[in-house]
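What follows is a set of notes on a single structure, which appears directly below.
The numbers here are math on the coordinates, done by the rules we state, and not lab data. Predicted model, so just to flag it, every value in this text is computed and none were measured. Cβ sites come from the backbone with ideal geometry, for glycine too, and all protein chains shown count toward neighbours.
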Amino acid sequence: MRPISRRNLLKTTGVAAASLAASRLIKAAHVTKPIGLQLYSVRDLLPKDFEGTLHALRTAGYTELEAAGYYDKTASEFRHAMDQAGLCCVSTHHPLQLWKQHEDELIEYGHTLGLDYMVCSSAGGVHRNTTAKGDELSLDDWRYVADELNRIGAKVKAAGMTLGVHNHTPEFASEDGILIYDELLRLTDPALVVFEMDCGWVSASGHNPVVYLSKAPERFPLLHVKDMAQEPNGSYHSVVMGTGVVDYHPILRAATGLKHYFIEQEEFHGDVLAELRRDAGYMQSFSL
């Protein structure tokens, strides 16, 4: 073996040290996307004080919002209230039943509001057979839903926005050995429909968000960031970020196609705004 000179040793050691420092920096990297909130989290506060709640959210550390209903505001009024609070509404939620009844009005409203994304929040109750009842859907119903998403997605795209699909747990049921979520990914056109993965509900369904994010990160530009705690009976409920069972480190590392994420806390045990401040603080200090 050829002896290493002191100069080469120092050079090699320096490179190794720099490499280690860079590796530590990567591990300690912070999530650089703006902190977003799904407004369903403050559904009880907005009707009482719409403008005041928005200002409180901005003070709590949020800069981007996803709407869940418009509280009898016109698009111009809704957008003005956001502007006044220093917030940007980039996305919205509507169930598929509402889409099918009012898609043109919803798209016009979203365009006026200046949205980037419009999301189908739930497909429950939308059956291929119009005489069918209830929220539970068969595999054929879900295939019909995929067709409808493609159709609506084309109209949303023509208006300068992108249609997204949000999940709960029914999308992770199986029929004839076929997982519904996989079928939705297969049948929807990537040029027309993207997915907003609700990581909390994916985890609660017994599946791993990382598997989907690793396979096709470009299909998931939006995430719902939600922590969940498990009850003794096996059911899950929403809790303050960092106090539940969902590990966001591998999830956010795998989400390389991410454009926006929205914290959503559905249930509260104390003051709503205080807990949402804790959620925002968790994400501000979160490191990958």
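Per-structure values
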read-out	value
Rel. contact order, % - alpha carbon contacts under 8 angstrom, at least six apart, the chain	19
Hz values of 3J(HN,Hα) by residue in the stretch 51-65 - Karplus curve (6.51, -1.76, 1.60), Gly and Pro given as x	5, x, 5, 4, 4, 5, 5, 5, 5, 6, x, 8, 10, 10, 10
Cα long-axis angle, helix 272-284 against the chain (0 to 90 degrees, to the nearest 10)	40
√(5λ) per eigenvalue of the Cα gyration tensor, the chain, largest first, Å	37, 25, 20
Between helix 6-27 and the chain: long-axis angle, C-alpha atoms, 0 to 90°, nearest 10	20
Placed amide H near Ile263: partners under 5 Å, 5+ positions off or other chain	Gly36, Leu37, Gln38, Val225
Amide proton proximity set for Val119, modelled H, under 5 Å, gap of 5+	Thr92, His93, His94, Gly164
Dipole-positive endmost among Pro34, Ile107, Phe268 within the chain (Cβ charges, Cα centre)	Pro34
Computed [θ] at 222 nm, helices only, for the chain once each DSSP H run of length n ≥ 4 contributes -39500 (n - 2.57)	-13500 deg cm²/dmol
C-alpha long axis of helix 75-85 to longest principal axis of the chain, angle in °	30
Size of charge dipole - the chain - debye, nearest 20, with Cβ of Lys, Arg +1 and Asp, Glu -1, no other charges	2120
Which listed pairs, of Lys155/Lys259; Lys155/Lys226; Lys133/Lys259; Lys48/Lys155; Lys100/Lys157, have C-alpha distances above 25 Å, in listed order	Lys155/Lys226; Lys133/Lys259; Lys48/Lys155
From phi via Karplus (6.51, -1.76, 1.60), per-residue ³J(HN,Hα) for the stretch 243-255 in Hz, x at Gly/Pro	10, x, 10, 8, 8, 8, 5, x, 5, 6, 5, 7, 7
Interchain or long-range residues, amide H under 5 Å from Cys89's placed H	Leu65
